[in-house]
Amino acid sequence: MRILVAMSGGVDSSTAAALLHEAGHDVVGVTLKLFNAQGTAASQGGRCCSPRDIEDARATAAAVGFPHYVLDETEAFSRGVIDDFVAEYRAGRTPNPCVRCNERLKFGPLVRFARAIGAATLATGHYARLEGGRLLRAVDREKDQSYFLFGVRPELLAQVRFPLGDLCKDDVRAAARRFHLPNCDKPDSQEICFIPDGDHRAFLEARGGAGRTGPIVDETGAQIGAHLGTHHFTVGQRRGLPAVGDRRFVVRIDPATGTVHTGPREALARQRLKVTDVRWLEAPPADGRVDVQIRHHGAANPAVITCADDGVTAVFDRAIDGGAPGQAAVFFRDEGVVGGGWIAPDSSGCL
Amino acid sequence: MQRGRIYLDHNATTPLRPEVRAAMAAAPWGNPSSVHAVGRQAREAVERSRREVATFLGCLPEEVIFTSGGTEGDNLAIRGLARGRHVVSSPLEHPAVKGALVGLAVTYLPVGPRGEIAVDDLRAALRPDTALVTLAAANHELGNVYPLEAFAAVAHQAGALFHTDAVQAAGRIPLDLRAVDAATISAHKLHGPPGVGALYLRRGLDIEPLMTGGHQERERRAGTENLPGIVGFGEACRLARIETAADRIGYLRAQLQRRLMDIPGARVHGDPQLPGTLNVGFDGADGQLVMVGLDLEGICVSTGSACTSGSLSPSPVLLALGLTAAAARQAVRFSLGRDTTEEDIDRAAEVTAQVVGRVRAAEAA
């Protein structure tokens, strides 16, 4: 069976490809070229499955012995992911480009490519499982990436398989060494793929994503400082705030006035969240009971969701530290992804 | 399931002929600049090859400058002859020419929808300070062939020199360089080895070298000669001179064209007169996907110039013809060679029809 394997150049997707090849499949590798980076060594990585290094993917394919191609999606990535990232920051929100990439970019062209070459399915190195049409968390909870995948259209997911979903990271590393993959000891990186040096501010400022300058105020509205642009801040952040009195956190960002509102930790607490632009992979449960995850490595918190025309409201059993507007909120039921959306700006204020 | 590989990308490179390989294996070693016996032997081998290349081109041996290939030849001719002055060129040129033009004042000629370049447009573009006109003898993507004599005559009337990139033309169509001042050729496009080529430079013309630091090639190209490459190049030119497969290749190209045009929504790009070149597009089928689909069935083609493949930027050559970016991305280039057989063409046409159908279905989904 011909299988198209999306290869980032990282150890995970390379191992996925090698395992499928070993299992006797007619493996074809493809790497999406998403941006024009000056290729460097191991650090060209990403939190999700970014194009670390096209050369690593090519070397793996050559070493294992299957054809490999590069698909240039630079333009679409620039429009659909980078422009969105910049615009979101400018609007005072905290975007998640990996979710956007999976939602808008990656899977469409890859599934099309798979169909075009007569491949029965597309495999990626994501840590997630697909069973009976449900998108489930990976066996390795530390590596689980199902959070990133809620935005992928169900008809595309139906064409996909995740060979690493049942494996642990250590198994994958061991397999990579067994196959003598060129990148088997490549470190994971936590940076966003298109900002390999991790300097978000410089990246945003170079692309017109800088937010307004303005005051930093406390919970009474009294000014306690000033800042150089709202894009330096994310809700929940402590760094960069004036050291006055108790530990302070960014509670809210007002992009129109450039005001950064701060408060004590308790001010971050939210009983409810408004989630907009919701995608459903399954019908929402009748009782509304789900676990809501608002960060890649964050906990999933029990809540009841209710759907309205303008989005979904989640009411938590116990108040959580509220997420930043623009971040993805994903609804899980048991092990499965029910759906997800984006935390709305007007979430703040609902205590 | 996969049968033998079918290679239809001869405009990218051609297979080394066994005779050429044998000549290279038998080449002497030595530094041609050395005075001793070993050096003299090497020198003799270089000069024998130079005579073969000159005979093939119809020029004098001293008019042949050995280079590392087409890109160097284009750079040497353009930078070395223009010397910072005005140049006339076209948007259809190979990246090697485009690259060499960077930093110079260039007038790009208008291009017709099938890749035509009008002599009158060239005449109108020439200025009193124009030093050089550079236009390809045959286009690498389309296979169009251009009237060198007419171009050169117009250039000379205005006091400008005329250079042609003849990399795709040499060995494929008769090449008359009598009117031309400089011409670039490359060994690996005519079944010689990669990494070697020549610049024809008319006797008496002065050129500024790109590489200095040695007396080789009459002070015009420093560096110890690539002896095995040059010997292989000479043999490839000798073979290209004494036999031609142009008629047979032209016949096979016509067959392929007829078969491919039976596919609904197929079109030919340009006006191919180079016997082996056929650039086509299929409505609703991305060229890169068609190319990959063919590769997985053992058929090697390209989406354009090999130098720009791998990036999705549509071919500047096709855009210059007035194609939309979307249409330009549908381009697939088949280029045939002397090793191409009728069976290859049958199978290529049959598989292309299947692959195009599959790609269209995938894109429509």
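Odds and ends about this structure:
- Within region A:206-251, the set of residues being surrounded by 20 or more Cβ atoms within 10 Å (Cβ to Cβ), of a type in the set (S, T, Y) and assigned to a loop (DSSP other than H, G, I, E, B) comprises A:T234 only.
- Of the candidates B:G197, B:G192, the single residue that is under 17 Å from B:L60 (Cα atoms), in contact (Cβ under 8 Å) with a residue 12 or more places away in the chain, crowded, with 24+ Cβ neighbours inside 10 Å and not basic (K, R) is B:G197.
- Residue in region A:193-203 that is under 26 Å from A:R270 (Cα atoms), in a loop (DSSP other than H, G, I, E, B) and not basic (K, R) present: no
- The set of residues in region B:154-180 that are touching a His at 6+ places or on another chain (Cβ under 9 Å) and closer than 14 Å to B:E93 by Cα comprises B:D165, B:V167, B:Q168.
- Considering residues of region B:123-147 that are within 17 Å of B:I78 (Cβ to Cβ) and buried (at least 23 other Cβ atoms within 10 Å of the Cβ) only, the residue nearest to the chain's Cα centre (by Cα): B:H140
Conditions (1) within 14 Å of chain B (Cβ to nearest Cβ); (2) among the β-branched types (V, I, T); (3) within 26 Å of B:V292 (Cβ to Cβ), marked per residue:
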residue	(1), (2), (3)
A:N102	no, no, yes
A:F113	yes, no, yes
A:A123	no, no, yes
A:R141	no, no, no
A:D144	no, no, no
A:V152	no, yes, yes
A:V160	no, yes, yes
A:G165	no, no, no
A:C168	no, no, no
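- Residue selected from region A:65-77 under the condition modelled with pLDDT of 90 or more and surrounded by fewer than 20 Cβ atoms within 10 Å (Cβ to Cβ), by the criterion farthest from the other protein chains (Cβ to nearest Cβ): A:G65
- Whether a residue is in contact (Cβ under 8 Å) with a residue 24 or more places away in the chain and within 24 Å of the chain's Cα centre (by Cα) was assessed, and A:R295 passes this test.
- Region B:1-39, residues that are of a type in the set (F, W, Y) and closer than 30 Å to A:D26 by Cα: B:Y7
- Yes/no for A:L136 being of a type outside the set (K, R), under 30 Å from A:D185 (Cβ atoms) and touching a residue at least 40 places away in the same chain (Cβ under 8 Å): yes
- Against the list (1) at pLDDT 95 or above; (2) in contact with a Pro (Cβ under 9 Å, 6 or more places away or on another chain), the condition B:E219 fails is (1).
- Scanning region A:159-175 for residues that are over 28 Å from A:R112 (Cα atoms) and either outside any helix (DSSP H, G or I) or out of contact with any Lys or Arg (no Cβ under 9 Å at 6 or more places or on another chain) (or both) yields A:C168, A:D170, A:D171, A:R173, A:A174, A:A175.
- Residue, farthest from the chain's Cα centre (by Cα), within region A:298-312, restricted to residues that are within 11 Å of A:G341 (Cβ to Cβ) and surrounded by 15 or more Cβ atoms within 10 Å (Cβ to Cβ): A:I305
The values are calculated or read from the model by the stated rules, or taken from the named source; none is laboratory data. The structure displayed is predicted, hence computed values, not measured ones. We place every Cβ from the backbone using ideal geometry, glycine too, and count neighbours over all the protein chains shown.
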